[in-house]
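Structure, as structure tokens:
The values are calculated or read from the model by the stated rules, or taken from the named source; none is laboratory data. Since we're looking at a predicted model, the values are computed, not measured. Cβ: placed from backbone, ideal geometry, glycine included. Neighbour counts: every protein chain shown.
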Amino acid sequence: QIIEEIARDIEKHFTEHFKDTGLKAQIVAPSKYAAILFQNFFEKRGNINTAVVISNEPDKGDEDNTHKIEVVKYLDKIRKNHSNITKYEKDVIESFKHGESGVEIIIVVDKLLTGFDAPRNTVLYLSKDLHDHGLLQAIARVNRLFENNKLPKTAGYIIDYSENAKNIDTAMKLFGNYDENDVKGSLIDVSEKINELEQSYGLIHDLFNEIKNSSDDEVYLQFLKDEAKREMFYKSLNDFIRNLNECFILQDFVHEFKDKIGMYKKDLKKFMEIRKSASLLYRERVDLSEYKESLIKILDKYVDAKGVELLTKQVNITDREQFKEAVENLGSDKSKAEAIASQTQRTISEQMDKDPEFFERFSKKIEEIIEKMRLGKLADIEALKQMRLISDDVLNKKGDDLPKEIKGLNGSDVFYRNLKVQFEGLGVKNEVYVSIVLDIFSILKQGAIIDWQKNMDVKRKIRNTIDDYLYDVVKGEKGIDLDSDFIKSIIDTIMLLAENNFELFI
């Protein structure tokens, strides 16, 4: 009955905080028979994938002959299903250590408490008294940080169903040469952890202390225009999320602090929305998916899983509907215009090397519109209208008058725009210039192979072919006066554009 009560508590705790996160746990049972009872409970319930790893030696803790028989039967079942126990243990450990899914909890008695390194191992459920070096080794198993994809491991947790807490000091005194970092923080004062939570919560509110109308998100966004304040806000919010998530894992936290939890959750949702809007407005990466698993567990009363998905989903300007929805949530026309400008400029910055002439032109247009709006020379609604048009032009590469031959050949527009000034300086007529661009584009197409941009020999051949074309055809046949410096400069520009747009030629 005691084992079943402990198993129910473990199931509840693990399911609420770690199920499907990729983080794992160990149960230390008082005997092999108890380990099998744990396993039978979890198998019957079917909520958590567990496995028993016990030795094949006689167990001094199981004096009852009936218990010994049950252990033998279980080990025989393992041999039957897995050919031998060694292979079974190897498969279990592999699944536990390296898979996000697979075995979630390993149930042990003495094995895997020393020398077992599994960074995913996050929780140690102790239903057995451990002493001295064995206790310190067991603690060290979960006290390793781990960069987990779904839910970062910021601490290890020990849930003690026995009396191990009083044994730690004794163990530390006996083994004075033991690495303190392995067991540092093993005994955490719960009040200190809660104090950290309240401090991180208070820091966010202190930052916004001068804001009078706290119900208007627009005021927060204008306040966060200062980069230093934004960085402070982001850091404080990260600390608050981490501390709140860690406190939720502590036993009895939800029950004892139920009066404050509603307030924490409500403010967390509000601050996450402000963070997302600020990131959108100030040209920053808007990917908040790292918080998704933590927020699903914390915000369950205020938003459903879909709500958390929307709150943490990266906003991408190329996803028009998603971007439009995010912008509409900002409120004023001014903020909407600035957000579109900011994110469009970020796209321009990322794509600038691919087509400098095109993107530089639109970057200047955006700066002019926003400057006029801020000086009051352009109405906010008109600035918003113009920014929407520019954003569409940038995404679809519209806004300039291209010859039909260039329009009909995808990618040739890049070279048409960026070589034009140099050839116009030589007095080359547009129809002749178009034919030159198409010829150069054809040379690039014919010379490119897979990963050509990384292959020096292929690039050298392409350069030589373009060089021959400029000398023999452009200078010789078309009679355009090209000197060696011009040819070298134009080839350098062509190759740089081609490498920055290498995917056009595959």
Seminar exercise, completed: Residue pairs qualifying under the 6 Å Cβ cut-off, at least six apart or on distinct chains, with the first in the stretch 467-489 being outside the structural domain of Lys429 (by TED's automatic domain parsing) and the second being at pLDDT below 95 and of a type outside the set (D, E, K, R), are none
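Without any contact (Cβ under 8 Å) to a residue 40 or more places away in the chain, farther than 24 Å from Glu360 by Cβ and not small (Gly, Ala, Ser): does that describe Lys445?
no
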Exercise. Are there any pairs with C-beta distances below 6 angstrom linking a residue in the stretch 84-100 that is in contact (Cβ under 8 Å) with a residue 12 or more places away in the chain and more than 12 Å from Gly22 (Cβ to Cβ) to a residue that is in a helix (DSSP H, G or I) and aliphatic (A, V, I, L, M), with the two at least 6 apart or on different chains, and if so which?
Worked result: Ile85/Ile78
Exercise. Hey, Thr21 hits all of (1) surrounded by 18 or more Cβ atoms within 10 Å (Cβ to Cβ); (2) without any contact (Cβ under 8 Å) to a residue 60 or more places away in the chain; (3) in contact with a helix residue (DSSP H, G or I) (Cβ under 6 Å, 6 or more places away or on another chain) but one; which does it fall short on?
Worked result: (2)
Exercise. In the stretch 453-487, what count of residues is obtained for those that are more than 44 Å from the chain's Cα centre (by Cα) and basic (Lys, Arg)?
Worked result: 2
Problem set entry | Residue among Ile436, Ile348 that alone is in contact (Cβ under 8 Å) with a residue 12 or more places away in the chain and more than 17 Å from Tyr282 (Cα to Cα) | Ile436
Exercise. In the stretch 29-55, which residues are free of Cβ contacts under 8 Å to residues at least 60 places away in the same chain, over 12 Å from Asp110 (Cβ atoms) and out of contact with any strand residue (DSSP E or B) (no Cβ under 8 Å at 6 or more places or on another chain)?
Worked result: Tyr33, Leu37, Asn40, Phe41, Lys44, Arg45, Gly46, Asn47
Exercise. When you scan the stretch 42-57, how many residues do you find that are closer than 13 Å to Tyr88 by Cα and among the charged types (D, E, K, R)?
Worked result: 0
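So, in the stretch 306-353, of the ones that are β-branched (Val, Ile, Thr) and at pLDDT below 75, which residue ends up farthest from Tyr220 (Cα to Cα)?
So the residue we want is Thr318.
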